[in-house]
1. I want to verify a result. In a Gaussian network model of chain C, Cα cutoff 10 Å, which of these has the top mean-square fluctuation: C:PHE21, C:PHE71, C:PHE199?
2. Using a Debye calculation, one point per C-alpha and no hydration shell, please list log10 I(q)/I(0) for the range C:157-197 at q = 0.19, 0.23, 0.28, 0.31 Å⁻¹ in order.
3. Taking the range B:175-243 on its own, what percent of its Cα-Cα pair distances exceed 16 Å?
4. Expressed as a rounded percentage, what relative contact order does the range C:6-303 have, with Cα pairs under 8 Å and six or more residues apart?
5. With the cut-off at 20 Å, tell me which of the pairs B:LYS125/C:LYS325; B:LYS330/B:LYS405; A:LYS14/B:LYS111; A:LYS14/B:LYS305; B:LYS99/B:LYS120; B:LYS92/B:LYS169 have Cα atoms farther apart than that.
6. Under a Cβ-Cβ limit of 4.7 Å, which cysteines in the protein assembly as shown have nobody to pair with?
7. From the helices alone, meaning DSSP H stretches of at least four residues, give me the mean residue ellipticity at 222 nm for chain C, per-run term -39500 (n - 2.57), in deg cm²/dmol to the nearest 500.
8. Using a Cα-Cα cut-off of under 13 Å, which aspartates and glutamates could be cross-linked to C:LYS7, ignoring same-chain neighbours fewer than 8 residues away?
Amino acid sequence: MSEFILQILNGLDKGSAYALIALGLTLIFGTLGVVNFAHGALFMIGAFCSVTLSRILNASYVTIDPTQKDFLGNPLKVKSSYMESWFGPEVGGAITDWSVPLAILFSIPIMIVVGIAMERGLIKHFYKRPHADQILVTFGLAIILQELVRGFYGANPIQTPAPEALSSVAQLGGSLGLEIVYPAWRMVYFFFSLAVIGGVFAFLRFTTFGMVVRAGMADRETVGLMGINIDRRFTVMFAIAAVVAGWAGVMYAPINAPNYHMGMDFLVLSFVVVVVGGMGSLPGAVAAGFLLGILESFASWERFKIFDGLDQIIIYLVAIIILLTRPRGLMGKKGVMED
Amino acid sequence: MTKNLTRRGVLKSGAVAGAGLAVPTIFTASSAAAYTNEPTGSSVTLGFNVPQTGPYAEEGLDELRAQELAVEHLNGMGDGGMMNTFSSKALKGNGILGKKVEFVTGDTQTKSDAARASAKSMIEKDGAVMINGGSSSGVAIAVQGLCQDAGVIFMAGLTHSNDTTGKDKKANGFRHFFNGYMSGAALAPVLSSAYGSDRNAYHLTADYTWGWTQQESIAAATEAMGWNTVNNVLTPLASTDFSSYITPVLNSGADVLVLNHYGGNMVNSLTNAIQFGLRDKVVNGKNFEIVVPLYSELMAAGAGKNVEGVIGSMNWNWQLTDEGTKAFVKSFGEKYGRPPSNSAHTCYVQTILYADACERAGTFNPCGVGEALEGFEFDGMGNGPTLYRAEDHQCFKDVLVMKGKENPSNEYDTLQILEVTPRAQVEYAPDHPMFAGGELGACNSGA
Amino acid sequence: MLGLEKKDFNLLMVVVALSLFAPLILNIFPKESAFAFFNGGYPDLMQRFAIFGIFAIGFNILFGLTGYLSFGHAAFLGVGSYAAVWMFKLLGYNVLPGLILSVVVAGLLSVVIGFVSLRRSGIYFSILTLAFAQMMYSIAYSDLFGRWLGITLTNGETGLQVYNNDPQILMGPDSSTVPHIFGLEMSSRLTLPVGPWEFVFPVGYYFCAIFLVISFYLSIRIFRSPFGLMLRAVKSNNQRMTYTGLNPRPYTLAAFIISGMYAGLAGGLLASMDPLAGAERMYWTESGAVVIMTVLGGVGTLIGPVLGAGTIKYMENIISKMNEKLLHEWFSFLPESLEKAMVWSASWFTGEGWHMTQGVVFMLVIIFLPGGLVQGSNKLFGRRKRKSTDDAATKQPAE
């Protein structure tokens, strides 16, 4: 029983990342009609915002300690952190320890700038181009962004730990009489993604801005005819989608060490998620994200492994079955992306 | 083509269909040379084929650094590094056989196809007489097959699968790196003395040939020490999150987790295992332990604090104190400002050994060089007295058992040497069942 | 001539001439000169030009004509290779049975995948093909089918190779031990030194080039046939076509199968040039690569895919080999500080940075030359034939 619950938690956790990325993809697709293959790269940039901030906070000056030797026998260069020497070991240490949560704030301006630059500089010119062109140009952009990150940070994964207080395991299910332990940070990730998803939905639902955007998603031309500058709003939506993808990456950094190709690793999967959810449907994207996350978890669990290697193909198998039984995915709209 | 006679057997000899068409002599123009890419000018070209993109890119870049250094030393520049400590004194620092050493590089992308394409371009276009490097067993085996067909020597780089010098061994291929069997043989005694001989191990294994052979080796070696293998779960190479493979471990009754993973897989699975608090768990009254049978410095750096106290094995480490190691670390460190990794060491040593074999054979002909390397015993290249065994072209030397350091003082100091397992303990018969099924064949010089 | 209009015939002749003289054209720089590095005229690369040309031509029949964007075409290339290597293992090194089987197997597979995937259109179709291909990749990479059956079918990530103890029932004692066509070995070549130049004429390349020319010819015939017209109709307005009482499915399925067989042939040829079949050939990035080749060259144009394939393969094989040592040599005429700066900036795009070059070239072409390289060369030579039937790429499907 407890194992069953653990696998559900694993699924929800994986699903959180899928859902957040898919949500952004669907926002961009629904509002701008653009298939953005650089979305995985935005996720990756988010994760590297965590890395960068933790590097900045860990920035240190070098003093030479003649009593110790380095591997070549020269005097050892000792690094001491600015943070700790400015604020003392306790406050300074706490600031560096909380670098990942702080990166949520740090990433906002970066993601907004990247998002707007991408939309205004590139994607704007591709609204009227065939989807294949959109896919390819954003794919080219994704390669470039990925190579830039590799150039600056190398190809090795970079550990970006969660705050000490949140990197232990949480005891859950005490009241149910079950012994369930789960990493605290993974719980944080799950609730964080719920909050972000809830926030995006509330924003679209309850603000005038959101109303206009929703109207624009439904019928762009009419909204334009009403004298509303829909383009400006769509740029803002792109920036929001970039921030959502970035946040997904920021908070993901402690779960698995970020590397430069993590965006590509998630890209194909998140597209499958979006399509299974139904192109253009936000609830569909979120539901499909969690659904595929949970299915993937259970397929990797031996008890549910009906045949060898099921865990390798489950996502694609399910995607094929869903697309063949429900022509437009779980909640897709008719006529979207079918030409 | 006549060497075929012995291999194919008489049975099939009658079954020739229309394959009898004579080859027009014009198409054998290359037979003017005695062997593939015989160097005729004043220089000789070596091909360094390493992953420069993809998940093992850092490993590949370190290999490149080491190979460039080796070329410098061969050409008599720099401080000579391990050439001064090497027991064979055939090399004079004037290139190889008096020819200046040049090199070309290529990107394997850690894909068999791409690796073969770049090796081919080095052989066909640049006239490389030897291919060195690589960072994965699948690629090593694929390129080894290519070099066999093309008639050049292949030195394998980082490849740890038993198959490279087992089922898939080739006469033109040599491996300096150790293998899964040796890891098991070196690790098992250390593990049983550190954690006791009554342990239940749970294996997570990367689902490809290297993972399978390593798991088989480690399970066999630890079971011989009295351990029980509770379970072995295969994980897809493409996995990035291992949580759903780790959670079943929690209640499996196992008290040791063996991660047969490498590269990004290993970094993530180890990180996830630590996240789930496995290191702090007590099962069957014993502390839960994690073992990573194959370590590398770059991976350990990627896994950061998570490697603390985790035991694994390595081919070589810069912290060894023999003269060869010291000379190499000094000259590498002074040039690049960092200590070399064990894959860098492998590629450096292989380049020097190849050059030395050419000198001793007096030719670049792969058959002559292969003969000079077969059964070659030497010392002074780190790892103590070393043998290149003639039967399977596997190198035998001491193996290191490493442990993740608590409180490392800098980014290169993540692992410490726990034990140097003597060569005799990791040796095995060439026909050992884990290595059975292949044949070395005859050397091919491409003539 | 040959049932072609004059313009098409001329194009075919251009392809024939390019294929015939590629060893000369691609070895334009003398062997010892500083530019020799840029020569692409060595056997392996020339063979790849031809093979991926075939692959892209086939892909273009589906994507260029019907507009259906398959993201899983590498699967057909992969099974083609596996089929060919299995023939080498079972029968012998004559490439003919392998090539036939690779086309047949890829054809059969594309019947299945096409039949299922073509029930959906647009991105749903793309994702279905992607899902199939990724499944096949996983199955090949861990040899799942083999594991289920208890045999070795794909030999996992190492790739399927021929071993000395394979049956090879058609092999005689004197048979060649490398792929050959009735005794003529694919790896044999004629090397012709002419002054400072050295030209290599490989058998394998010309073997592939013959297939390239045939493939190109067939593709022209398909483009100009009533069947091709029908496929264009599917692209320009699927719905209207249905209203007229025509069922587009058989036509698109036929196009899918044809392009799958082209991919299978390419896979078989790859294995014939180098008898190894690796699972990475089926990964989604490889499927993406053929899309890139086609679009880079010019979707829906006849010659575009061949140009695109050549450009991509050239970049992959040549630029990735520029290492820092070479850069230092090239820029050594500059003052030292400037040299360092040049090497630093160039190293972003060369050696391990070759992906960056690919990304940049790729974005530039798509942004500025929506019709691909073909449009670029047309602009260059002032041939602005707006209404050219070749120019399907710039046409938008009606909404």
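1. Judging by the Gaussian network model, the answer is C:PHE21.
2. Taking Cα atoms of the range C:157-197 as identical point scatterers yields -0.73, -0.90, -1.09, -1.16.
3. Counting every Cα pair in the range B:175-243, those more than 16 Å apart make up 51 percent.
4. With pairs under 8 Å counted, the relative contact order is 38 percent.
5. On the way: B:LYS125/C:LYS325 18 Å; B:LYS330/B:LYS405 23 Å; A:LYS14/B:LYS111 28 Å; A:LYS14/B:LYS305 24 Å; B:LYS99/B:LYS120 23 Å; B:LYS92/B:LYS169 32 Å.
Too far apart for the 20 Å limit: B:LYS330/B:LYS405; A:LYS14/B:LYS111; A:LYS14/B:LYS305; B:LYS99/B:LYS120; B:LYS92/B:LYS169.
6. Cysteines of the protein assembly as shown left without a disulfide-compatible partner: A:CYS49, B:CYS147, B:CYS347, B:CYS358, B:CYS395, C:CYS208.
7. -20500 deg cm²/dmol
8. Counting by Cα, and skipping residues close in sequence, C:LYS7 has these aspartates and glutamates nearby: C:ASP390.
Bear in mind these aren't lab numbers, they're just calculated from the coordinates by the rules spelled out. Everything numeric here is computed off the predicted structure, so don't read it as measured data. Please note: Cβ atoms are built from the backbone with ideal geometry, for glycine as well, and neighbour counts cover all protein chains shown.
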